[in-house]
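Encoded as structure tokens, the structure appears first; notes follow it.
We did not get these values from a lab; they are worked out from the coordinates using the rules stated. These numbers come from a predicted model, not from an experiment. Methodologically, a virtual Cβ is constructed for each residue, glycine included, from the backbone with ideal geometry; neighbour enumeration extends over all protein chains shown.
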Amino acid sequence: MARIPTIPRRHWDRQLAAHLAVRAGFGPTPSELDRLEKMTPEQAVDAMLIPPPDPSPNPFPDWFAEPEASNRFPNGLSRREFQAQPPDRKQALRQEFNRHNRKQLEEGRHTWLERMVTTSFPLREKLTLFLHGHFATSAQKVQAAYPMLSQNQLFREKAFGPWIDLLEGVSKDPAMLVYLDNARSSKRSPNENYAREVMELFTLGEGHYSEEDIQSAARSFAGWSIDDSRWTFTVREPWVDHGFKRFMGQSGRFDGRDILDIILKQPQASRFLAERLWSFFGSEIHNESVIRLLDRQLVESGYDLTSTLRVLFLHRDFYAPDIIRGQIKSPVQLTVHLARTLNPAFSDYKLLSQACRQLGQLLFQPPSVKGWDGGASWITASSLALRYQFTDRLLKQKGAVDADQLFPDRSITRIQAREQLFDHFFHHPLREQDQGAFDRMLKALPPPSDWTRNDTVHILSSLTRQPQFQLT
Amino acid sequence: MSTEPSFMTRRSFIRTGIIGGALATTIPSFLDQTLFRLDAAERDSPLQRGHGRDAPILILLQLAGGNDGLNTVIPLENDHYRRARPRLSSVEATALRLTDDIGLHESLSGFKSLYDDGNLAILNGVGYPNPNRSHFRSTEIWHTAQPQGRNGEDGWMGRYFDNQCKGMPAETGISLTATPPQAFQGPGPVGITFQNPNQFRFDDNAESMAGASIGDSTGRGRRQEASPLHFLERTDLDARVSSDLLHQTLKKTPQIQNFPRSGIANDLNLIARLIGGGMSTRIYYLSQGGYDTHANQMYSHARLLQELGDAQLAFWAEMNRQGNAGRVRLLVFSEFGRRVNENGSSGTDHGAAAPVFVLGEGIRAGLHGDLPSLDPKDLDRGDMAHHTDFRQVYASLLQQHLKANASTVLGGSWNLLKL
């Protein structure tokens, strides 16, 4: 393996440890930060990368495990049986079924958000979120809760690779088959939607395949479909095209798996994934040398994400000054980070989910197959206003702000209180030019020993309106 | 209303609003510098500062997902069409006839009536060389007007703002979308994006700490090169000022009666009120999604076109009532048309050339250019070939309507259309 220019042990401090924790997860609590700070960089990275013994305390809602959960049509009917119902009955059944599914989907959002806030293995959830944006699939078209949660579980289980397993899983995933129309693609009239996006958005990027490659891939995926009555993968044999196809300079009687294997042999495939990983975990600022290292690690490890992310998180450039706090928080990052650093026991997941919806990151409903654009596109005039409104609402929730927990020792000075708050919520000190204004605001309040809950909420409200609070 | 009051608003707003409360005692010196620069930039602006009542306005409406142009402006009595679309050509029977060869989809009764009144130009066969069939790349091409460009180019409106609107306030461009359109991306900080005016509020400015560290709000340098913190501080400032203006304008503008209800109608309703209220905005961007009709498109396509046509009819009635129809142009475009042959799922896959629509009073209404040939031997990989470049449409709107220099904005020179 190539030598990685790692972050030197002597540079490791509380701010670097916090940077690792916010990027490889959703943000540290003060005690987690104390722990990571005392480790070596290697130990800290492994603490984020290696699953703890019981990392998933919180499974999906109970209904997810029940057999009828995977019904595609009301009352376990098959497509044909459902279509045969009288129109009035059909409409009534469909309405009730949709209502039920919307409720289940919202429950799914709450459970996933709760998992992000409470998990002891945040990187798995962070990767699951990355994959949700990468293999974007929307419930708006799928119109059902079970396949969306089942896809979410696929991302979680295969999050660390190998990438080919994940790609094959996604290509056979019922939600994806419906979302990109492959479920109805047949030899007689192949549908190109999935074939195009699997190359353009999932593996290679635009410009690295021809229109002929798309047509051949579409023929090869034809017949990969879903069952008529349940949300399960099935191959519709009469729809399969067993003929010869030419694809990326090769020819053969390819099926979908062959297509994926050929794609992953293209040097562009590992390069593309390396770029996506750096852009999600590191920065939108291109860094050729890190991307090359990640690319090489992907190839040498057979697309293993644990070892590839270890390279990323240990790399010196990951800790460069313009990378730290150089990322605009996604709505999920903003809300989950705040919930984790406030009082997680009092998190209101309904409110968190609603905030993500309003701020433009409704889970299970990305805006398009490209996922969320991220970065500066999160911030618009109105989303910034909404971010302030949301943080205020979260702070005002009963139990969210626990002043005793924030300030165990009330005999501190205002300056000490300010420093504690910034360590707790920003994980770094306030910029010097902003200190004056913040201290004047504190000065207008009684000393910390006399702060009421309202005072604390007021301070946190001002703190979360610092533009810097939107950065991570 | 001239744009001057918005500068006054901006100035007084910064002093009293953002730097209000605890911060009022110390106005950072760079904010004064920023205001000074804004004033200087305004004096130097090459553009005749338009009076609010007569400045031209351009509205860009994207039919997102790739509108099936062939089932929007429909060829009549065309064997190639019927053969290519055994199921989907059923819309021909009910089409609203424009000529012997061409009809509009029956759901576009709103367009038909605007066409009959001389307010709608239909431009056939619009596209660009080597069409790209990816939604995202093709959208980028339409937004940047740079088919050869690399990803991440500035938008054509961003370049227009930079060339022709220096020193103008952020709300010169308004986008009613969830994320800023690439068309607005540019070297300058112009352009405000919001979806719902009711949510676009900053309730307690006095608590804001943003004023303490507002950066250079004239935003030198490209957005992507500026630091994220600068970008946030600038957006914070622009948003507060624009939110204030927006709500002042809406407060004095009555609700419009008889507007249909749909996403696109609500957006056009809001734009109509802002125009009526004298907002200094020159460019509006909005988008109607759902046009990516790979499967079972009959019903969904008809519904989208119905919403589109009905919303336009109501919008232009209001523009006429206000007396603003002559200074507004509305361009309806899509990132691409769809494949001539229907697919096996009663839908259509990504295609190339398609019609675009330009609306407004005083336009040269009617059909511009022929429908491209549907003869299989004339198709480009199964798609209609374009005969009009979309940049000709842009250049004509820039030059003839916005009185801007099209070649500075678009680069190169383009044959103007007689719009």
Using a Förster distance of 35 Å, the FRET efficiency for A:K265-A:S289 (Cβ separation, nearest 0.05): 0.90
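Under a Cβ-Cβ cut-off of 10 Å, what is the net charge of the residues other than A:Y179 that fall near it, where Lys and Arg count +1 and Asp and Glu count -1? Mind dumping the intermediate values first?
On the way: positive: A:K141; negative: A:D173, A:D181, A:E197.
For residues surrounding A:Y179, the net value is -2.
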Links that overshoot a 26 Å alpha carbon limit, given the list A:K126/A:K370; A:K265/A:K329; A:K90/A:K187; A:K103/A:K141; A:K103/A:K187; A:K329/B:K251: A:K265/A:K329; A:K90/A:K187; A:K103/A:K187; A:K329/B:K251
Separation of the A:R3 and A:R246 label points, Cα + 7 Å toward Cβ, nm: 4.8 nm
Under 12 Å from the Cα of B:K112 - aspartates and glutamates, other chains or at least 8 residues apart: B:D310
Positive-end residue, the stretch A:4-75 charge dipole about Cα centroid, Cβ charges, pick of A:H19, A:L49, A:I4: A:I4
Loop trypsin sites (Lys or Arg not before Pro), the stretch A:364-456 (other Cβ atoms within 10 Å of the site Cβ: 15 or fewer; DSSP): A:K398, A:R410, A:R431
Between helix A:453-464 and chain A: long-axis angle, C-alpha atoms, 0 to 90°, nearest 10: 60 degrees
Angle between chain A longest axis and helix A:381-396 axis [Cα atoms, degrees, rounded to 10]: 60 degrees
Furthest towards positive pole of dipole, A:A403, A:A437, A:S382, structure part the stretch A:355-466, Cβ charges: A:S382
Vicinal HN-Hα couplings computed from phi for the stretch A:88-103 (Karplus, 6.51 cos²θ - 1.76 cosθ + 1.60; Hz; Gly/Pro x): 4, 4, 4, 5, 5, 4, 5, 4, 4, 5, 5, 4, 4, 5, 4, 5
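Can you tell me how much longer the chain between B:T99 and B:K251 gets when fully stretched, taken as 0.36 nm per residue apart minus their C-alpha distance, in nm with one decimal? Intermediate values should be presented prior to the final figure.
Numbers: separation 152, 0.36 × 152 = 54.72 nm, distance 4.53 nm.
Length gained, B:T99 through B:K251: 50.2 nm.
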Charge dipole (debye, nearest 20) of chain A; +1 at Cβ of Lys and Arg, -1 at Cβ of Asp and Glu: 640 debye
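What is the gain in length, in nm to one decimal, between A:S210 and A:S307 on full extension, counting 0.36 nm per residue of separation less the C-alpha to C-alpha distance?
Details: separation 97, 0.36 × 97 = 34.92 nm, distance 3.25 nm.
Extra length available between A:S210 and A:S307 comes to 31.7 nm.
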Spatial separation of Cα centroids for the stretch B:263-292 and the stretch B:332-356, in angstrom: 25 Å
For the stretch B:130-189 versus the stretch A:20-42, the gap between their alpha-carbon centres in whole angstrom: 40 Å
Other-chain or far-sequence residues with amide H under 5 Å of B:H368's (modelled H): B:I122, B:L123, B:N124
Peptides ranked, highest mean first, by Cβ atoms within 10 Å: ranges B:139-149, A:460-470: A:460-470, B:139-149
Dipole magnitude of the stretch B:234-366, debye to nearest 20 (Cβ charges: Lys/Arg +1, Asp/Glu -1, about Cα centre): 480 debye
Rounded to 10°, Cα long-axis angle of helix A:211-221 versus longest principal axis of chain A: 80 degrees
Chain lengthening between A:D402 and A:T452 when straightened (0.36 nm per residue, less Cα-Cα): 16.9 nm
FRET efficiency, A:W63 to A:V235 (Cβ-Cβ, R0 30 Å, nearest 0.05): 0.60
B:N415 paired with A:Q140, simple spin-label distance in nm, labels 7 Å along Cα-to-beta-carbon: 3.9 nm
Built amide H within the under 5 Å cut-off of A:E284, gap 5+: none
Environment charge at A:W63 (Cβ cut-off 11 Å; Lys +1, Arg +1, Asp -1, Glu -1): -3
Where only alpha carbons of the protein assembly as shown are counted, the Rg and the Dmax (Å): 28.1, 88
FRET E, pair A:D322, B:Q199, Förster distance 41 Å, beta-carbon r, rounded to 0.05: 0.80
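For the protein assembly as shown, with only Lys/Arg (+1) and Asp/Glu (-1) charged at the beta-carbon, what is the dipole magnitude about the Cα centre, in debye rounded to 20? Before the final figure, lay out each step's value.
Values: 101 positive and 101 negative charges, 138 e Å.
The calculated dipole for the protein assembly as shown is roughly 660 debye.
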Leading residue at positive end of dipole, the stretch B:275-332 (Cβ point charges), from B:S300, B:G289, B:I275: B:I275
